[in-house]
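This report concerns only the one structure given below.
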Amino acid sequence: MKQPPGFSAYIVVTAAYWAFMLTDGALRMLVLLHFHMLGFSPVQLAYLFVFYEIAGVITNFSAGWIATRFGLASTLYAGLGLQVIALLALVQLDPSWSVTASVTFVMLIQGASGVAKDLTKVSSKSAIKILAPKDQSGLFRWVATLTGSKNAVKGSGFLLGAVLLAVFGFVPSVLTMALMLFGVLVAIVYCLPTGLPSGRKGVNIYQVFSTNDNINWLAASRLFLFGARDVWFVVGIPIYFYTVLSDGSLEGNRAAFFIIGAFMAAWTILYGVVQIWAPQILKVKLRSNTELIAQAKYWCASLFFVPAVLSLVIWSIPEPTQKLTLTIVFGLMLFGAIFAVNSCLHSFLILSFTEAKRVTMDVGFYYAANAAGRLIGTLASGFSYQIAGLPLCIAVAAGMIGLSWLGTLKIRVQNFCPNEN
């Protein structure tokens, strides 16, 4: 079967994104569990990731301009290289430091990692607009495959991080990931084909702000959608499971690590697999752009009911039981499946709303909103769990999804559908 002209470049870009997200997922789990064992509170754990998310907001705003000015390939290399540096810096953490010094140091390293991730993401996602087939279903399939496979790989990273921490410890695990990612960077520099935009002068950073109302409302919807995920995902559910599963012994801690890592991995892999299937679930080939906008509103409304009901169930049972734990797992897996369709629709719509000449700036602006949502969700996760535990985390998630749905209602078909069928 003959592949589109940009297919080889798409494969290399996807492979680079996979490698990065594997280390990103593993690093998040390593940091979260390692510092929880050191006695950090839920709020302190949330602080560890604050700079990661703040860096994401700032980087996404500027990454679109950086990629437009210096080229997608250069931006991709910069993201991978900065992640290697962040990993090597993290092993310099000294256990004898005070809690304040440790939190500050890790926050800064996580900030650098956040910059690296969003440079890599903006360049990878923008490349799809340039390389993908020009028909609507072709663009949706390529977006779904990149995004879905990335999340499946990141899920594997969660499990990898938990396993590495349990078997080898913190420092050897981080060094191993740095070495692996450096090898990938060298391979990508050597293998990446030509064909990606090389950058152009005369682009002003203020042009990052979009004048397209659809992009602005989609970005607002994305902010609350991802805040709704991270409000329970970042701190709430890992610490809840650790509290329920660990007895405080070394073996108990290891068993809890494996189970937490396995859940986080399974959730994220399911999320990725459903994203890959999203074109079939939504019957993209049979739907117009108008209908896909309507689907975005429908799927967001459907997602609201999962955390709304689940939070009430958890609140009604004062003590954790095996049945409650299984209910939580099932409810969050259902949340993940519906969330995946929502996320995939958003990823397609942003590339449909933008023009090729503005793609990196519009994608950067959109993912800045995504990062702002993660930042809000991360902070809310720590504070909500400390105030009232997992039920409040999931109740806040329901409220955020309601706000996300209101954002989708503002998206209009007018002046949008160049490929309308």
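Every read-out reported here was derived from the displayed coordinates using simple, explicitly stated rules and does not represent laboratory data. Note that this is a predicted model, so its numbers are computed, not measured. We place every Cβ from the backbone using ideal geometry, glycine too, and count neighbours over all the protein chains shown.
Find how much the distance from Thr211 to Leu175 grows on full extension, using 0.36 nm per residue of separation minus their present alpha carbon separation; answer in nm with one decimal. Before the final figure, lay out the partial values.
Values: separation 36, 0.36 × 36 = 12.96 nm, distance 4.41 nm.
Result: 8.5 nm gained on full extension.
For the pair Ala266/Thr290, report the inter-label distance in nm, with labels modelled 7 Å from Cα in the Cβ direction. With each label point 7 Å from Cα toward Cβ, the separation is 4.4 nm.
How much net charge surrounds Ile85 when only the other residues with a Cβ under 15 Å from the Cβ of Ile85 are counted, with Lys and Arg +1 and Asp and Glu -1? Numbers along the way, then the final one.
Working: positive: Lys117; negative: Asp24.
Once positives and negatives cancel, what remains is 0.
Evaluated with a Cβ-only charge set (Lys, Arg +1; Asp, Glu -1), the chain carries a dipole of roughly 1200 debye about its Cα centre, given to the nearest 20.
How tilted is helix 322-353 with respect to the longest principal axis of the chain? Cα atoms for both, answer in degrees (0 to 90, nearest 10). The angle comes out near 20 degrees. The helix-only estimate of mean residue ellipticity at 222 nm for the chain, built from DSSP H runs of length n ≥ 4 each weighted as -39500 (n - 2.57), is -28500 deg cm²/dmol after division by the residue total. Net charge in the neighbourhood of Leu310 (other residues with Cβ under 15 Å of its Cβ; Lys, Arg +1, Asp, Glu -1) is +2.
Applying a threshold of 28 Å to the alpha-carbon distances of Lys125/Lys283; Lys154/Lys410; Lys117/Lys410; Lys125/Lys410; Lys117/Lys285 flags Lys154/Lys410; Lys117/Lys410; Lys117/Lys285 as lying beyond it.
Within the chain, the longest run free of exposed loop sites, counting trypsin sites (Lys or Arg not before Pro) that sit outside DSSP helix and strand states (H, G, I, E, B) and have at most 14 other Cβ atoms within 10 Å, spans 3-133.
For the chain, the C-alpha radius of gyration sits at 0.94 times the compact-globule guess of 2.2 N^0.38 Å, with N the residue count.
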